[in-house]
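Reviewing the structure listed below.
Only the coordinates and a few stated rules stand behind these numbers; no lab work does. Just so it is clear, the structure is predicted and the values come from calculations on it, not from any experiment. So basically every Cβ, Gly included, is an ideal-geometry build from the backbone, and we count neighbours across all protein chains shown.
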Amino acid sequence: MKNPIYCIGLMSGTSLDGLDICYVRFDSDTSFEILQTEGIVYSSVMKNQLKNAYQMSAMQLCELDVQFGYYLGEQVKLFVDKHQIEHLDFVASHGQTIFHQPNKNFTLQIGNGAAISSKCQQRVICDFRTQDVILGGQGAPLVPIGDELLFNQYDACLNLGGFSNISMNRDGKRIAFDVCPINIVLNFYANQLGLDYDKNGENASKGKVNQRLVEELNQLNFYLQSYPKSLGFEWVETEFLTIVEKYDISIEDKLISCVDHMVYQLKLVFDNYDINKVLITGGGVRNEFLISLLKQKSSTELIIPNDDLIDFKEALIFAFLGYKRFLNQVNCLTSVTGAIKDHSSGIIYEAI
Ligand SMILES: Nc1ncnc2c1ncn2[C@@H]1O[C@H](COP(=O)(O)OP(=O)(O)OP(=O)(O)O)[C@@H](O)[C@H]1O
Ligand SMILES: CC(=O)N[C@H]1[C@@H]2OC[C@@H](O2)[C@@H](O)[C@@H]1O[C@H](C)C(=O)O
């Protein structure tokens, strides 16, 4: 095996706040060191294009796929130059999820790998989810194999991103699933107040919980299903927001009711799976109101790591998925996604 391996992980998450870049060295399957990180905030033009992509024509979407790929490649180039990176085996890119319907065997992440590679002149590994959904899996979450191998000192790992997902070991196997939406919904309502996001949950904290709304949200069919299961924007739009929008209440009341619902769902998972201690990462960790409510309502100990791990754990783990793909080793677990077998997923574009 060729170790150490140096790679860059790129994560463009569902919250659409920007691009997370993580340069990391893997010394083995279980040992890594983060060498550099950087968060690039998207311009409002870029954000709107990505946000509206699901409504574009096929031709417009193809164009955006390539343009976004060039953009990602350019960001890699700037990052490599800025940090004078000499060792780089590959770039692993998640891309931006536009559609995610695993039950119909499709999921789409744009940010064309060939375009990234041609722009930054590096080997690129991308498209990590498609093979899994074709093999009958959920195609998400994919970070759990990284949680298992790189963060096995924790009972469970919870990510509070656009959606929240959790992973843990059960009977010697890794299991994982998406829990509920978080920032994708909170940002939607913050946008209606003219904000990118509800900083520290300040607006939510001014609202009054609407119990009927919370109860209705808690009865959504997704919550009754057992794992493997994953969420996509389509579900938020057609199911979640449709319910919230039936209520003629203030934005602050919607925000706090959604937060109350999220805390309820997270606590339910902690209780159902007997989780005593959980590592939590993702931008939601910075939402003081959400975290204080979670601490108040649940006795599970929340372990909050350093800033690099809060913000870049997903980019790090996509680099790790790339590492496993590069070595032609399993990076998608059937115990997590429900695909017919464990497999090594991702498309490799060599630098030309
Ligand atoms: N101080 C803060 N207060 C409240 N929310 C915050 C704060 N800082 C960040 N956030 C939220 O975190 C979001 C970014 O989180 P993160 O980067 O984990 O999302 P993501 O990359 O889209 O995640 P995923 O891929 O898991 O969906 C922001 O859009 C915002 O909603
Ligand atoms: C389809 C898709 O992009 N899903 C994301 C999303 O954001 C969080 C949650 O929903 C998770 O399922 C997944 O991302 C993480 C990085 C994962 O695959 O593990």
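By the rule of a C-alpha distance below 19 Å, with chain neighbours fewer than 8 residues away ignored, the lysines paired with residue 229 are 104, 173, 267, 341.
Divided by 2.2 N^0.38 Å, where N counts the residues, the Cα radius of gyration of segment 144-307 comes to 1.01. Neighbours of residue 152, meaning other residues whose beta-carbon lies under 12 angstrom from its beta-carbon, give a summed charge of -3 when Lys and Arg score +1 and Asp and Glu score -1. Taking 302, 78, 321 as the candidate residues, the one with maximal mean-square fluctuation in a Gaussian network model of the chain, Cα springs under 10 Å, is 78. Helix 251-272 axis versus longest C-alpha principal axis of the chain: approximately 70°, rounded to the nearest ten. Label-to-label distance, residue 219 versus residue 171, with points set 7 angstrom from Cα along the beta-carbon direction: 3.2 nm.
Provide the net charge surrounding residue 136, with neighbours chosen by a C-beta distance below 15 Å and charges set as Lys +1, Arg +1, Asp -1, Glu -1. Can you show the working numbers first?
Working: positive: 104, 129, 229, 341; negative: 132, 342.
With Lys, Arg at +1 and Asp, Glu at -1, the net is +2.
A straight Cα-to-Cα reach below 14 Å connects residue 206 with the aspartates and glutamates 198, 252, 253, 260, 288, residues fewer than 8 places away in its own chain not being considered.
Taking the three principal axes of the alpha carbon atoms in segment 1-150, the coordinate ranges are 43, 35, 24 Å, sorted in descending order. Taking Lys and Arg as +1 and Asp and Glu as -1, the other residues whose beta-carbon sits under 12 Å from that of residue 345 total +1. Straight-line reach from residue 246: taking Cα to Cα under 12 Å and skipping same-chain neighbours fewer than 8 places apart, the aspartates and glutamates in range are 216. Comparing 285, 330, 24 in a Gaussian network model of the chain, where Cα atoms under 10 Å apart are tied by springs, the biggest mean-square fluctuation is seen for 330. For the chain, the longest principal axis of the C-alpha atoms and the axis of helix 183-192 are separated by about 70°. Rounded to two decimals, the Cα-based Rg/Rh of segment 115-208, with Kirkwood Rh, is 1.09. In the chain, the longest principal axis of the Cα atoms and the axis of helix 288-297 are about 60 degrees apart. Computed over the alpha carbons of the chain, Rg followed by Dmax gives 19.4, 60 Å. Database remark: amide H of residue 164 closer than 5 angstrom to the amide H of 179, 180, 182 (H placed geometrically; neighbours at sequence offset of 5 or more, or on other chains; Pro and chain starts carry no H). A Gaussian network model of the chain, with springs between Cα atoms under 10 Å, assigns the largest mean-square fluctuation among 69, 207, 146 to 207.
Compared with the direct C-alpha span, the chain from residue 192 to residue 55 gains 47.3 nm at full extension, assuming 0.36 nm per residue. For the Cα trace of segment 1-79, dividing Rg by the Kirkwood Rh returns an Rg/Rh value of 1.08. Of the residues 244, 190, 220, the one whose Cα sits farthest towards the positive end of the charge dipole of segment 144-307 is 220 (charges of +1 on Lys and Arg Cβ, -1 on Asp and Glu Cβ, taken about the Cα centre).
Any idea what log10 I(q)/I(0) is at q = 0.21, 0.23, 0.26 Å⁻¹ for segment 181-250, Debye with uniform C-alpha scatterers and no solvent? These q points yield log10 I(q)/I(0) values of -1.05, -1.21, -1.37. For segment 252-321, taking Cα atoms only, Rg and Dmax work out to 13.3, 40 Å respectively. Label point of residue 238 set 7 angstrom out along Cα-Cβ; within segment 171-185, amide nitrogens under 20 Å from it belong to 178-182, 184-185.
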